[in-house]
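Worksheet: the structure to be examined is printed underneath.
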Amino acid sequence: MSRASNSSIYSPQLLSLKYASRPFKAWLRTLEIFVALGTFALKLFVDERSGQIDQNKRLRAVELRNVFTSLGPTFVKIGQGLSTRPDICPPEYIEELSQLQDSLPTFPDEEAFSCIERELGLSIDSIYSSISPSPIAAASLGQVYKARLKYSGQAVAVKVQRPGIEEAIGLDFYLLRGLGFLINKYVDIISSDVVALIDEFARRVYQELNYVQEGQNARRFKKLYADKEDVLVPDIFWDYTSAKVLTMDWVDGVKLNEQEAIERQGLKLLDLVNTGIQCSLRQLLEYGYFHADPHPGNLLATPEGKLAFLDFGMMSETPEEARFAIIGHVVHMVNRDYEAMARDYYALDFLSSDVDVSPIVPALKNFFDDALNSTVSELNFKTIVDGLGAVLYQYPFNVPAYYALILRSLTVLEGLALYADPNFKVLAASYPYFAKRLLTDPNPYLRDALIELLFKDGRFRWNRLENLLVQGRKDRDFTAKDALQPVLKLLLGPNGEELRILVIKEAVYVSEAIVLGAAIDSYNSIPEFMRTLVSNGNANGPLILNGSEQESILELRDRVFRIWSLLQSSENFDPSLLQPILQVLQDTEARNLGGRVIGGITQRLAARLLQQVLQS
């Protein structure tokens, strides 16, 4: 920490004071940016008019990579983001911009080694028994060497910061901030506070300049998420780390956008991407602490099949209330409850509490009614982002900075998956996690969302429960015990009377279906000549039921049996797991509930019997 005491922090006020007194330098940098990007845009325009756009794709892609490289680390970051979006950029651009992740021009090795000795206060020879004479990789803010520690012989990665990096990004953010003020003032179509978004991004980049902070981020990330056997986070060597030098475990692996190299190791890219999605869901919705820069250069496939996370400079956090609101938002989308979706924007901090959401509901309905022609899982993430973006532009939304980083994180992962499978859907891959959280999380907000999903118009939607169990079982952390006990506690709680009434009615229906279903099965199992005698000529059997009613009863009975079978076949299921539930059922309220169910069943079957006798 003492080595990091002089590291810079982002201060818009200090940048303004610094560069307002240097207008010539600011105008010179502005001219440099406009000339570089304007020249490239002019070439694209000429290609378009001359019909050479396809023939010159590779040439223009190389030129754009060189433009971003020449403009420095701020624009390299922009190029890195574009390199993960095959839905935005053609393959030639993707291939070239991918080189911005770790194949940037290097700075002299002498400067790097001098920085190591100056920062750590030790000579290179006293720290490492060997160190690569040139960088293994060069990124936007620094370059990496492979070394071996002298005291232990362990292979490590040594990241050294680029000289003069603070000056370069400081000026760019000063100019971008000025552009943000102009957009806020004159561009009405953009309702978000652009300056706030730029400030948030700048703070994250400045945090990346403090390698001690990055080491602390890595330690926290490892503690939260590396408990899974398929996730790897390297350890930090604190004795050899400072604000501008970071030493960590060396990780052998292949970047996630190198599909052929991954498959040569006997691994599947989609399996690794799915690991990344599940880990990202835990980051975004469980603990709220997430990796905000997951481009392919920061995600490696190890020979053992693990997904290794690198570069923890840019991290962010999802507020607790927003985490539950995001899950609830997905439930409301599944239910097509657009009024509830609109109200979610309060909890997500998109809208202030004094804004009326009623005009937003028709806009949500128009988009999602068209988009949800198929199931929600068939939507890709970009479709939802684009659709919601169109709604956001029309109304007084203020998109929080954390949300922009979430979008970036998930769109990067979807972009990686599209390399392997153009039909990949992030929402479909996310379903098991959402189902597990809804079934097992005792949080009141999620419990209400589960009830909302399962009950409609006073009836229990058994098909929804079955689908949740089918999806939830795909999550390795799902257990039947976790799904059963919280539901029972909610049902038997002091505020559960309304739910108890619904459950009693449904328990009566289910019990009737089981009894009548057993009677129908018994009838169907006897010889044909005996059926005629028993049914007294009724085509539908001995019971006075029409065909659709009998089909409905058998369908309900079969679905309930399938759900029970799903619970029984869940990993770690054991009858002894029901012991805590039996303890809950010993409560007075539980015994009262059981009595009311039995009474309802008795009345229902008695009514059936009387109907049978009278109609016969």
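The values are calculated or read from the model by the stated rules, or taken from the named source; none is laboratory data. It should be emphasised that the depicted structure is a prediction, and the values quoted were computed from it without experimental measurement. As a convention, Cβ positions derive from the backbone with ideal geometry for all residues, glycine included, and neighbour counts pool all protein chains shown. The accessibility values were calculated without ligands, DNA or RNA, using every heavy atom of the protein model including side chains. Shrake-Rupley method; radii C 1.70, N 1.55, O 1.52, S 1.80 Å.
In this simple spin-label approximation, residue 317 and residue 250 carry label points 7 Å from Cα along the Cα→Cβ vector, and these lie 3.6 nm apart. Each residue of the range 457-464 was assigned a 3J(HN,Hα) from its phi angle through the Karplus expression (A = 6.51, B = -1.76, C = 1.60, θ = phi - 60°), giving 6, x, 10, 7, 9, 4, 5, 5 Hz with x at Gly and Pro.
Here the simple spin-label model places points 7 Å from the Cα toward Cβ, and for residue 111 and residue 352 these points are separated by 4.7 nm. Around the Cα centre of the range 315-373, unit charges on the Cβ atoms of Lys, Arg, Asp and Glu (plus for the first two, minus for the last two) sum to a dipole of about 200 debye.
Which FRET efficiency value, to the nearest 0.05, is calculated for residue 55 and residue 515 with the Förster distance at 56 angstrom and r the Cβ-Cβ distance? Write out the running numbers ahead of the final one.
Values: r = 75 Å, r/R0 = 1.33.
Given R0 = 56 Å and the Cβ-Cβ separation, E is 0.15.
Computed extension length for residue 37-residue 132: 30.6 nm, one decimal, from 0.36 nm per residue of separation with the Cα-Cα distance subtracted.
Where the only charges are on Cβ atoms (+1 Lys, Arg; -1 Asp, Glu), what is the dipole of the range 9-145 about its Cα centre, to the nearest 20 debye?
On the way: 13 positive and 16 negative charges, 145 e Å.
Charge dipole, the range 9-145, about its Cα centre: 700 debye, nearest 20.
Averaged per residue, what accessible area in Å² does the range 101-224 show with a 1.4 Å probe, protein chains only?
Working: 5720 Å² over 124 residues.
So the range 101-224 comes to 46 Å² accessible per residue, rounded to a whole number.
Scalar couplings 3J(HN,Hα) for the range 132-148, obtained by applying the Karplus form with A = 6.51, B = -1.76, C = 1.60 to θ = phi - 60°, are 4, x, 9, x, 7, 8, 10, 10, 5, 10, x, 9, 10, 10, 9, 9, 10 Hz; x denotes Gly and Pro. Extending 7 Å from Cα along the Cβ direction at residue 260 and again at residue 555 yields two label points whose distance is 5.2 nm.
Peptides 181-187, 341-347 ranked from most to least packed give 341-347, 181-187, packing being the mean of other C-beta atoms within 10 angstrom over each peptide's residues. How much net charge surrounds residue 61 when only other residues with a Cβ under 9 Å from its Cβ are counted (Lys, Arg +1; Asp, Glu -1)? Its environment carries a net charge of 0. Each peptide in 292-302, 199-209 gets a packing score, the mean of other Cβ atoms within 10 Å over its residues, and the list from highest to lowest is 292-302, 199-209. Amide H to amide H distances under 5 Å link residue 235 with 249, where only residues 5 or more positions off or on other chains count and H is placed in the peptide plane. A cut-off of 5 Å between modelled amide H atoms, ignoring neighbours fewer than 5 places along the same chain, links residue 289 with 318.
Around residue 323, what is the net charge, scoring Lys/Arg as +1 and Asp/Glu as -1 over all other residues with Cβ under 11 Å from its Cβ? Don't skip to the answer; put the middle values down first.
Details: positive: 282, 437; negative: 286, 317, 320, 321, 441.
Residues close to residue 323 contribute a combined charge of -3.
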